[in-house]
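Following: one structure in structure tokens, then a few remarks.
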Amino acid sequence: MARTTNGQRRRPASDPKTGKFASAGAAAGGFVGAMSGSFVPPVNITVNNNKGAARHGGSRSDLLLPAPEFTSPALVRNYCNTLRAAAVTLSIEVAMGAEILKGVLAAVPDPEGKAFGSRIRAAKVARKMNKAADDLKSAAKNAAACYAVFQQQYEEEINRVRHRARRPVQPVMNWAQQ
């Protein structure tokens, strides 16, 4: 065995007593690094410019969702679409975070020394975050369904206004006909 500068014996990395833990730690670190590097999707978040609202008591949710003003079908559609898009994006990010958390926590040794104790504990913790990701996915589905039900329930009113909103067709001058 080699000796360190202060005279103590140092075990080589190939020694089975120390090498297994060193390689396990390196493998766990490499796994977590690979997970975070390869699973991060491109994220696009639409942010509304509410600079004035932030100064006048606006909340952080103003950054993700428009103001809940439902005075027209277009505003209802915009709110539902923005909510759906934000929930889908957050669902993906939370699911990725759950997998990364599971990988990181699985590398922590079990205090009782059980064979798969660290993985079981990590799965229990990550399960709650996966449930949060599923709930966000459900919120996205319900936001899309909300606008569909709105269209069904108020179809008569929407069509009545849509019919009046059409501009009358103006006669077009045909210069080729002489």
Is it true that G25 is at pLDDT below 85 and farther than 30 Å from N159 by Cβ? yes
Which condition number in (1) modelled with pLDDT of 90 or more; (2) open to solvent by 100 Å² or more (accessible area, probe 1.4 Å); (3) closer than 30 Å to T71 by Cα; (4) not hydrophobic (A, V, I, L, M, F, W, C) is the one that Y147 fails? (2)
Scanning segment 127-156 for residues that are touching a residue at least 24 places away in the same chain (Cβ under 8 Å) and of a type in the set (S, T, Y) gives Y147, Y154
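The values are calculated or read from the model by the stated rules, or taken from the named source; none is laboratory data. Values in this document were obtained by computation on a predicted structure and should not be read as measured data. Positions of Cβ are generated from backbone atoms using ideal geometry, with glycine treated the same way; all protein chains shown enter the neighbour counts. Side chains included, ligands, DNA and RNA excluded: accessible areas come from the protein's heavy atoms. Shrake-Rupley method; radii C 1.70, N 1.55, O 1.52, S 1.80 Å.
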